[in-house]
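K.L.:
The following block contains the structure, expressed as structure tokens.
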Amino acid sequence: MKIYCLNMDISMCIFRLKKFDLREFNNAFPVIFVEAKDPDDACYKALCMFTENILKQNESKETASLIKNILSDVKVTKVFCKDEKKL
């Protein structure tokens, strides 16, 4: 498994998440490090981390609905592996 660095854009939905402690996602453009086998797996794990962080704080139906509505506004803008050599 490799360590991937993901640049995310949650600027369109961060204002709706003010009541949550977003931890590493506490920025409109967070940089997240994830251990994964490929870039697709890294994106999946980062989105899971994001949603689990919110759901652990409030497991209500309203929170689940909020997450469902904002996931289309969450974007991964760049994925790269720190281990790979640049050409």
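K.L.:
Step through the residues of the range 70-78 one at a time and calculate ³J(HN,Hα) from phi using the Karplus curve (6.51 cos²θ - 1.76 cosθ + 1.60, θ = phi - 60°), rounding each to whole Hz and writing x for Gly and Pro.
P.N.:
With coefficients 6.51, -1.76 and 1.60, one gets 8, 4, 6, 8, 8, 10, 9, 8, 7 Hz.
K.L.:
I'd like the projected area of the range 2-81, averaged over all directions, using the convex hull of its alpha carbons. Report it in nm² with one decimal. Don't skip to the answer; put the middle values down first.
P.N.:
On the way: hull surface 19.0 nm².
For the Cα atoms of the range 2-81, the hull's average projected area reads 4.7 nm².
K.L.:
A follow-up question, please. Amide H neighbours of TYR4 under 5 Å, counting only residues 5+ apart in sequence or on other chains, H built in-plane at 1.01 Å?
P.N.:
VAL34, GLU35, ALA36
K.L.:
While we're on this one: I'd like the orientation of helix 39-57 relative to the chain: the angle between its Cα long axis and the longest Cα principal axis, in ° from 0 to 90, rounded to 10.
P.N.:
Helix 39-57 sits roughly 30 degrees off the main axis of the chain.
K.L.:
Under a Cβ-Cβ cut-off of 11 Å, what is the net charge of the residues other than ASP9 that fall near it, where Lys and Arg count +1 and Asp and Glu count -1? Before the final figure, lay out each step's value.
P.N.:
Values: positive: LYS75, LYS78; negative: ASP73.
Around ASP9, the charge tally is +1.
Coordinate-derived values only; no laboratory data. What you see is a predicted model, and the numbers here were worked out from it, not measured in a lab. As a convention, Cβ positions derive from the backbone with ideal geometry for all residues, glycine included, and neighbour counts pool all protein chains shown.
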